[in-house]
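Everything on this sheet refers to the single structure shown next.
The values are calculated or read from the model by the stated rules, or taken from the named source; none is laboratory data. Worth saying up front: this structure is predicted, and the values here are computed from it rather than measured. Don't worry about glycine lacking a Cβ; one is built from the backbone with ideal geometry, like all the others, and counts go over all protein chains shown. Accessible surface is based on the protein model in full, side chains and every heavy atom, while ligands, DNA and RNA are left aside. Shrake-Rupley method; radii C 1.70, N 1.55, O 1.52, S 1.80 Å.
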Amino acid sequence: MEQYYRLFSSYRVPGIDQDKQVNSNNSLLVEPEHVIVISRNQMFVLDVIVNFTRLSEDQLYHQLKRIKRQSEEDENTSNGFADVGFLTSLPRNEWAKARLELLRDSTNRDCIDMIERCIFIVCLDKKVNHNSNKENVILENESEMSSIQMRDYVLQMLHGCSSEDNSGNRWFDKTMQFVISEDGVCGLNYEHSIAEGIVVIQLSEHLFRYIEEKRKQKLYRMPSICELPVPRKLRWIVSEPISAQIREAKSSFDRRIDDLDLFVVKFEKFGRDFPKMIKTSPDSFIQVMLQFAYYRVHNCLVSTYESASTRRFRHGRVDNIRANSCEALAWIKSMQPNSTFTVINNFDFFI
């Protein structure tokens, strides 16, 4: 359970030699009552508890609309105070030095403190024109279209697509960033050192169930929103050295984005039910198939990382299992065209 507590209470502080994990779930620290909302690369403090009372969904929606409206009005003006988020994409030692420079000013110290202590971050993204991708793709069917769309959505969650789109609408040190785009695309970006992926998946599934339950509830009278405080905008003091680092961070991030290739394969012939039907773990099935495919191409096995959860133990994370075993090699050789094994022999050998 330890990882669940850390999802909304932890932060990764950059260090020149080594990063540090900070946990706000500490008796010495006040429990955070706010989230940070980033819109048009601008950051706002949204209090989710006002006068000792949690805001309702309608009240939160009203506050988010306020933030979106103000960020659109301030975009490309002297009130923008934008683009500081790009610094978190720098190599860790460079970002650590930039952070120390920012901390020299008390206004910036307050901004960083509010970000580091927040529960999580909400990224309100602009709509991305994914058709501007460089490659010319010939679509043959509906399935291929959906794979390309999935690829584009994954890239938006990963890095925001470019500095002209939403790459500055992130703060990569925070554990949980929930991304919601104007066109309905949504997902999350999370910092991996705090918790394993399965914890985040279970959180997401819980969130979907909660949304569905709320959708089925009857309408109720909306609480008054007149007295809600206006979300506070974080206003940075950016020196010339920091401005230069922001420009470098933008350029460097765009180069790495251009250098990343991603293709989503949507396999539809069978799913997890087939391995279960032959009394095999779907995870083990995929691991052996990876070894099989690699052997067909390179005539040898390869070390792969297969995680083994140790979360049942106190402070447990994961351990490593290597799938390139002698048993896997023996079965793969039995599947080669020159093998004397029959189909039945191969199946029995696999099981």
Helices (runs of 4 or more DSSP H) contained entirely in region 244-351, each with at least 2 residues that are closer than 30 Å to Val199 by Cβ
273-277, 282-298
Filter region 225-243 down to residues that are in a helix (DSSP H, G or I) and touching a residue at least 24 places away in the same chain (Cβ under 8 Å) and give me whichever is nearest to Phe81 (Cα to Cα).
Ile242
Subset of region 336-351 (residues that are open to solvent by less than 60 Å² (accessible area, probe 1.4 Å) and either in contact with a Ser or Thr (Cβ under 6 Å, 6 or more places away or on another chain) or modelled with pLDDT of 80 or more (or both)):
Gln336, Asn346
Which numbered condition Arg170 fails, given (1) touching a Lys or Arg at 6+ places or on another chain (Cβ under 6 Å); (2) at pLDDT 90 or above
(1)
Filter the strands (runs of 3 or more DSSP E) completely within region 3-115 down to those with at least 2 residues that are open to solvent by less than 50 Å² (accessible area, probe 1.4 Å) and hydroxyl-bearing (Ser, Thr, Tyr).
10-13
Any chance Val179 is touching an Asp or Glu at 6+ places or on another chain (Cβ under 7 Å), crowded, with 17+ Cβ neighbours inside 10 Å and touching a residue at least 12 places away in the same chain (Cβ under 8 Å)
yes
Taking the conditions exactly as written (open to solvent by 60 Å² or more (accessible area, probe 1.4 Å), in contact (Cβ under 8 Å) with a residue 40 or more places away in the chain and within 25 Å of the chain's Cα centre (by Cα)), does Lys214 satisfy them or not?
yes
Can you name the residue in region 276-289 that is free of Cβ contacts under 8 Å to residues at least 24 places away in the same chain and charged (D, E, K, R) and is also surrounded by the most Cβ atoms within 10 Å (Cβ to Cβ) among such residues?
Asp283
Condition first: loosely packed, with under 10 Cβ neighbours inside 10 Å and over 18 Å from Val154 (Cβ atoms). Now tell me which residues in region 258-275 satisfy that.
Glu268, Lys269, Phe270, Asp273
Conditions first: (1) closer than 20 Å to Glu75 by Cα; (2) touching a residue at least 40 places away in the same chain (Cβ under 8 Å); (3) surrounded by 18 or more Cβ atoms within 10 Å (Cβ to Cβ). Ala195 passes all but one, so which condition is the exception?
(1)
